[in-house]
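All remarks here apply to the structure that follows.
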Amino acid sequence: MTTTGEVLWEPTAEQARASGVGRYMAWLADRHGLRFEDYAALHHWSVTELEAFWASVWEYCDVEASRPYEEVLSTHAMPAARWFTGSELNFAEHMLRRGQAGKPSVIFVREGEDPVEIDGPALTAQVAALAAGLRERGVGPGDIVAGYLPNVPETLIAFLACASIGAIWSTSAPDFGTQSVIDRFTQLSPKVLIAADGYAFGGRRHDRREVVAALKQALPSLQHLILARVAYPSEPLPAGCEDWTDALLDGAAPEYEQVGFDHPLWVLFSSGTTGVPKGIVHSHGGALMEHLKSGALCLDVGPEDRYFFYTSTGWVVWNLHVCALLAGVTVVLYDGSPNWPDPLGSLRVVETTGATIFGSGAAYLSGVRGTGRRPNEELDLSRLGHIISTGSPLPDVDWRWVYEAINPNLRLDSASGGTDIASAFVGGSPLLPVRTGLIPCRWLGCAVQAWDPEGKPLVGEVGELVVTEPMPSMPTFFWNDEDGTRYHDAYFGHYEGIWRHGDWIRINQDGTCVISGRSDSTLNRLGVRMGSADIYGIVEPIEGVADCVVLGVEQGEGGYWMPLFVVPSDGGEVSEELRARIVAAITDGLSRRHVPDEILTAPAVPRTLTGKKLEVPLKRLMQGEPLEKVANLGAVNDPDAVRWFATFAAERRRASV
């Protein structure tokens, strides 16, 4: 299939050679006599010679192990594969080793406040101080420490302190509903909870001290509750809490517990919007190898970069973002709204901190474009050289807008992966051009294919995103899944021994990719599968459309209903004129088959707290399932919007009787 996307950016030969992956290819040629003509050849080698590729990453990125590995990979069978067996190391030790005096490792910004910088030695000292305080409180290797914290330095310090001990870290953002947090942490039985008294968002402080008290009551395993007073520092310490500063043993020397490659590092959770969230466990070694690779060879970040990704601590992107410390990057942490004090909020943080890399959910970029603002006319974004968009596909109009209204010389990448691997499967490369609407490549070490229902690989056609070879950052196990059944069924139950991720993907002949949405929310009309993202890419840029969601609802006796719910920009009803423009745009841009059965008005489109539309829960509401079984309202951004859809579904059923 021929690539049709418009070229928006292309590296020069010198830029390609000077990039991280360019230097890696030169190193492979010099050190190992391996020469590759282009990225495609390098990627092919990285997934057909797994042991050689990952051994080269270990060597090139200078992994420091107190005990060397015996073999790179025990078996190619999944999920039985074990990596770098016999090795011992520590993730936090690698995260902190590139910190430099006088150069910020962290720049922290809170709404309405000046940035605060923490250099390498200061960050290491604070991590060592908290680690010593936790050890004094009985925390050791394998113990669980939970964090109820916003995106502040204390969160990063607490995570690294736990990792240095060999304790297991898990965090939940304070914008989660109380029950959602309890659903996560009660599975873990944490020994220590480190919580914040509140967070900043939308120009004000949000008090979470009552939630912290509720968590203490709900977690009988707690032996210590440490409170970081980040929102109300002058308020008295609540009863039953220890102050953050009292948990720091200043002057403590850094100590890094050496643990096995597979030793648990953190427990991440699935969204939890449709049931009790799954606890996904990744290892010290797996996370280390994946993020050494992705930082140096895929994202192309280094010590000269300042990297800001707007995220909460409840989204796996937080983990991806802070792991850039492995490459010596300055990470920019932000506690606040992306739209404060106006829609350019996140881009103002880019300007204030001099960020060279900006990561964002696609919805933010679409939202700014929709306001008609041109950031490059209001802000100095001259240092910004790289934007990463994720969370959902970016419409074509937004790709062009970035180059017109932000910076014509930057590299814009769309990436897709997940909590499951704590990284991306597909994304950009500094060796490849940026084309409208296309993800440039499959990342190194990711044996991604598109498969049909019978397991046949597809090229140029939409299929299930599968991974045919193991990766170090695949989960080691699910929490409370003693026999591994839930883990197996989640990824390997559809194609035995093959990872099925649950996304639709098209991989073109030239290696570019398109993600078409979740395969569990597929639109399927008359046996033809369609991705919801294709419809969003057409409808969302239409003037007068603020947001939309399309559902494919199987009904009794073989019936099928495909409504499109639209949120009009003016807050009113969908007019006949707007409805006609939507139908015409879908017909011209896709086909008549893609035109929905009805175009209806909705007040808002509910999303997970990481920005994904609740397509499956809304579909289940339309099929008659009760709200309490469909969605956990504490894990969505707009519970009232979900209630509106529940009411709509109930009224529709009554009207049809």
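What value, in deg cm²/dmol to 500, does the helix sum -39500 (n - 2.57) over DSSP H runs of n ≥ 4 give at 222 nm once divided by the residues of the chain?
-9000 deg cm²/dmol
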Q: For the range 419-450 and the range 283-314, compute the distance between their C-alpha centroids and round to whole Å.
A: 15 Å
Q. Local charge sum around residue 288 (other residues, Cβ-Cβ under 11 Å, Lys/Arg +1, Asp/Glu -1)?
A. -2
**Q.** Residues of the range 600-628 with amide N under 13 Å of the 7 Å Cα→Cβ point at residue 555
**A.** 622-624
Q.
Out of all DSSP beta bridges in the chain, what portion is antiparallel? Express it as a percent rounded to 5.
A. 60 percent
Q) How big is the range 398-555 by the Kirkwood estimate over distinct Cα pairs, in Å? A) 17.3 Å
**Q.** Ranking by accessible area, most exposed first, for 540, 573 with a 1.4 Å probe
**A.** 573, 540
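Please compute the per residue accessible area over the chain with all protein chains in place, 1.4 Å probe, rounded to a whole number of Å².
The answer is 37 Å² per residue.
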Q: With the full set of protein chains in place, find how many percent of the accessible area of the chain is carbon and sulfur; take the probe as 1.4 Å.
A: 48 percent
Q. Pairs 278/619; 278/613; 191/293; 191/278; 293/619; 216/629: which are spaced more than 29 Å apart, C-alpha to C-alpha?
A. 191/293; 293/619
Q | residue 339-residue 178 FRET efficiency (beta carbon distance; Förster radius 30 Å; 0.05 resolution) | A | 0.75
(Q) Could you compute the net charge surrounding residue 252? Neighbours are other residues with a C-beta less than 10 Å from the C-beta of residue 252; K and R count +1, D and E count -1. (A) -2
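When N counts the residues of the chain, how does its alpha-carbon radius of gyration compare numerically with 2.2 N^0.38 Å, as a ratio?
In units of the 2.2 N^0.38 Å rule of thumb, it is 0.93.
Treating only the Cβ of Lys, Arg, Asp and Glu as charged (+1, +1, -1, -1), what charge dipole size does the range 455-495 show about its Cα centre? Round to the nearest 20 debye.
About 120 debye.
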Q. Which FRET efficiency value, to the nearest 0.05, do you get for residue 213 and residue 29 by plugging their Cβ-Cβ distance into 1/(1 + (r/R0)^6) with R0 = 56 Å?
A. 0.40
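Can you give the extra length, in nm with one decimal, that the chain gains between residue 638 and residue 76 once fully stretched, where that is 0.36 nm per residue apart less the Cα-Cα distance?
On the way: separation 562, 0.36 × 562 = 202.32 nm, distance 4.30 nm.
Result for the pair: 198.0 nm of gain on full extension.
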Q: Mind ranking 282, 206 by accessible surface for me, highest first, 1.4 Å probe?
A: 206, 282
Q | Magnitude of the charge dipole, the chain, Cβ model with Lys/Arg +1 and Asp/Glu -1, debye to 20 | A | 660 debye
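Go ahead and run the numbers for FRET between residue 650 and residue 137, Cβ-Cβ distance against an R0 of 51 Å, rounding to 0.05.
FRET efficiency, residue 650 to residue 137: 0.50.
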Q | Size-normalised alpha-carbon gyration radius of the range 367-413, reference 2.2 N^0.38 Å | A | 1.09
Q: Note down the accessible area of residue 309, probe 1.4 Å, to the nearest 10 Å².
A: 10 Å²
Q: Give me the accessible area of residue 30, 1.4 Å probe, in Å² rounded to the nearest 10.
A: 130 Å²
Q: List the residues whose amide H sits under 5 Å from the amide H of residue 503, counting only those 5 or more places along or on another chain, with H placed 1.01 Å from N in the peptide plane.
A: 465, 519
Q: Sticking with the crude label model, points 7 Å out along Cα→Cβ, report the distance from residue 376 to residue 234 in nm, one decimal please.
A: 4.5 nm
Q. What are the ³J(HN,Hα) values, in whole Hz, obtained from phi via the Karplus relation 6.51 cos²θ - 1.76 cosθ + 1.60 with θ = phi - 60°, for each residue of the range 89-98 in sequence order, with x given for Gly and Pro?
A. 7, 9, 5, 4, 4, 6, 5, 9, 6, 9
Q. What residues of the range 113-134 lie in the reach of a label at residue 101, counting those whose backbone N is under 15 Å from a point 7 Å from the Cα along Cα→Cβ?
A. 119-125
Q) Whose amide H sits under 5 Å from the amide H of residue 270, counting only residues 5 or more places off or on another chain, with H placed in the peptide plane? A) 278, 280
Q: Please report how far the C-alpha centroid of the range 181-226 lies from that of the range 478-523, rounded to the nearest whole angstrom.
A: 33 Å
**Q.** Surrounding net charge for residue 575, when Lys and Arg each add one and Asp and Glu each subtract one, Cβ distance under 14 Å
**A.** -3
(Q) At 0.890 mPa s and 25 °C, plugging the Kirkwood radius over alpha-carbon pairs of the range 11-69 into Stokes-Einstein gives what diffusion coefficient in µm²/s? (A) 198 µm²/s
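The values are calculated or read from the model by the stated rules, or taken from the named source; none is laboratory data. Here the structure is a predicted model, which means the values were calculated and not measured. All Cβ positions, glycine included, derive from the backbone under ideal geometry; neighbour counts span all protein chains shown. All accessible areas refer to the heavy atoms of the entire protein, side chains included, with ligands and DNA or RNA removed. Shrake-Rupley method; radii C 1.70, N 1.55, O 1.52, S 1.80 Å.
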